[in-house]
Amino acid sequence: MRDFSQSHEWLSINTATVRRQWRLDRIVEECARRGIRAISPWRDQVAAVGLQAVAARLRDTDTVLSGYCRGGFFPAAEATGLRAALDDNRRALDEACTLGAPCLVLVVGSLPGALDGNPAYHDLARARAEVRDGIAATLEHARQANMPLAIEPLHPMQAAERACVNTLEQALDLCDELDPARSGALGVAVDLYHVWWDPKLAQQIARAGRERLLALHVCDWLTPTRDLLNDRGMMGDGVIEIRKIRGWMEDAGYAGFAEVEIFSEHWWSRPGDEVLDTCIARHRSAV
């Protein structure tokens, strides 16, 4: 297993971690100033600065991406919504290519309208079928663009609103069905906040192997958790066995970045400098 204790060479910052403090262009500058060589930006943050402007800033600072957030949200109540989702995912793929991302992360979606408290239907099996069909359709464009898709399973607490793929096993079943040749076009993003609890996690990471393991997202699970979306912990402040799981990832062939992704009202209320400096320290001590 790689030794992170003396260097943060393999640290990446998911830009949601400091989205309340700074615009994306400032995040790129602050990361570069600290020798953080990778980020994973969100589409809305890119749009606020401008796609070409962000691409130029990345080049100027020698900053690379560990992923691009995000595609997905495939289910819809009617055919026009399904088509609109496919169109949006094609745009996301093109943006990821422009920025030189290694993969487009998919938060696949679930019951349409549930995020607003008004689900159009309650049929979870239908949503999962629409996710499968949406990924299959998007995979064609992804192959043409040479941009891998990374399915991110989300914790079951978000099964209704954000993602009906909730375990690594489910995600890998989709990968095996849609990309049986393990071509590298389809894989998974392993976010420890969402999968740490899974009794099959070690087995499924080993099953995934190097070809399927496209991203590793790290943070911690606080106890008690005060908010199921925006109370993620800084690494080392909670109960996730981060280093053990990273070991499983690396034993399976993963050699990429450990991407810090923290949605937290606490950390969003702190100065951005403090957050990034703490990420560096905890990357060395807890990841």
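Numerical summary
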{"item": "Beta bridge orientation in segment 112-240: antiparallel %, DSSP, nearest 5", "result": "10 percent"}
{"item": "Sorted by Cβ density within 10 Å, fewest first, the residues VAL218, VAL107, VAL239", "result": "VAL239, VAL107, VAL218"}
{"item": "Around GLY67: net Lys/Arg minus Asp/Glu count, Cβ-Cβ under 15 Å", "result": "-1"}
{"item": "Full-stretch length increase - VAL239, LEU124 - with 0.36 nm per residue and alpha-carbon distance subtracted", "result": "38.4 nm"}
{"item": "Under-5 Å amide H pairs with GLU161, H placed in peptide plane, nonlocal only", "result": "none"}
{"item": "Fully extended contour minus Cα-Cα distance, from ARG207 to ALA56, at 0.36 nm per residue", "result": "50.6 nm"}
{"item": "Among 188-197, 219-228, the order from most to least packed when residues are scored by Cβ within 10 Å on average", "result": "188-197, 219-228"}
{"item": "Top of SER264, SER40, SER110 by mean-square fluctuation, Gaussian network on the chain, Cα under 10 Å", "result": "SER264"}
{"item": "Cut-off under 5 Å, modelled amide H: who pairs with PHE73 long-range", "result": "VAL107, VAL108, GLY109"}
{"item": "Anisotropy class of the chain from Cα gyration tensor, a/c 1.5 cut", "result": "rounded"}
{"item": "Chain lengthening between ARG83 and ASN146 when straightened (0.36 nm per residue, less Cα-Cα)", "result": "20.5 nm"}
{"item": "Inter-centroid distance (Cα atoms) of segment 102-137 relative to segment 1-42, Å", "result": "30 Å"}
{"item": "Range in the chain, longest, excluding exposed GluC sites (Glu not before Pro) [loop by DSSP; at most 15 other beta-carbon atoms within 10 Å]", "result": "79-240"}
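Coordinate-derived values only; no laboratory data. These numbers come from a predicted model, not from an experiment. Don't worry about glycine lacking a Cβ; one is built from the backbone with ideal geometry, like all the others, and counts go over all protein chains shown.
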